[in-house]
1. Testing residue 68 on (1) closer than 22 Å to residue 127 by Cα; (2) modelled with pLDDT under 95; (3) outside any helix (DSSP H, G or I), one condition comes back false. Which one is that?
2. Test each condition in (1) in contact with a strand residue (DSSP E or B) (Cβ under 6 Å, 6 or more places away or on another chain); (2) outside any loop (DSSP other than H, G, I, E, B); (3) modelled with pLDDT under 95 for residue 1 and report the one that comes out false.
3. Could you tell me which residue of segment 4-28 is surrounded by the most Cβ atoms within 10 Å (Cβ to Cβ), considering only residues that are in contact with a helix residue (DSSP H, G or I) (Cβ under 7 Å, 6 or more places away or on another chain) and part of a helix (DSSP H, G or I)?
4. What number goes with the only condition from (1) surrounded by 16 or more Cβ atoms within 10 Å (Cβ to Cβ); (2) at pLDDT 95 or above that residue 87 does not pass?
5. Read through the list (1) within 25 Å of residue 39 (Cα to Cα); (2) out of contact with any helix residue (DSSP H, G or I) (no Cβ under 8 Å at 6 or more places or on another chain); (3) assigned to a helix (DSSP H, G or I), then give the number of the only condition that residue 96 fails.
6. Scan (1) over 19 Å from residue 138 (Cβ atoms); (2) touching a helix residue (DSSP H, G or I) at 6+ places or on another chain (Cβ under 7 Å); (3) in a loop (DSSP other than H, G, I, E, B) for the single condition residue 36 breaks and write down its number.
7. Kindly evaluate residue 109 against the criterion of being in a helix (DSSP H, G or I), touching a strand residue (DSSP E or B) at 6+ places or on another chain (Cβ under 9 Å) and either over 20 Å from residue 35 (Cβ atoms) or at pLDDT 95 or above (or both).
8. State yes or no: is residue 124 in a strand (DSSP E or B), without any contact (Cβ under 8 Å) to a residue 40 or more places away in the chain, loosely packed, with under 14 Cβ neighbours inside 10 Å and in contact with a helix residue (DSSP H, G or I) (Cβ under 9 Å, 6 or more places away or on another chain)?
């Protein structure tokens with residue numbers, strides 16, 4: 001099985017993956033998930049043997065790449081695909097002029113996952129869509 005990750009303009013596929021993971025699985029409301037910021041984002045999709053299994057988006061502002069909406073379909077978690085997706089986000093972000101920092105809001109249960117990728121937790125825990133999160137950053 002070969003994973004391929006790259007930038008995509010196929011927003012429908014990204015939104016469907018996010019619907020499955022965030023809305024159906026985690027109970028995030030449609031209004032909170034669809035925040036109106038996708039048009040200005042860079043989207044990545046992860047495909048395993050051609051089938052879309054995960055996605056993420058990057059919003060760039062003032063030299064900071066905010067990585068978000070990171071998800072892998074439940075049956076395929078724990079196999080390194082999420083790590084590969086976040087690494088790809090960092091590579092894409094670092095390739096943009098002037099971007100030197102990656103930032104994300106990690107669900108607290110995933111802090112260790114992001115720490116293993118070089119992110120450092122900062123600030124207090126906060127609620128986002130009913131799920132505890134903490135900000136994390138990593139130099140690019």
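1. (2)
2. (2)
3. Top of the filtered list is 18.
4. The one condition residue 87 does not meet is (1).
5. (3)
6. (2)
7. Details: in a helix (DSSP H, G or I): yes; touching a strand residue (DSSP E or B) at 6+ places or on another chain (Cβ under 9 Å): yes; either over 20 Å from residue 35 (Cβ atoms) or at pLDDT 95 or above (or both): yes.
Answer is yes for this residue.
8. no
The values are calculated or read from the model by the stated rules, or taken from the named source; none is laboratory data. Note that the coordinates shown come from a computational prediction; the quantities given were computed from them, not determined experimentally. Reconstructed Cβ throughout: ideal geometry from the backbone, glycine too, with neighbour counts over all protein chains shown.
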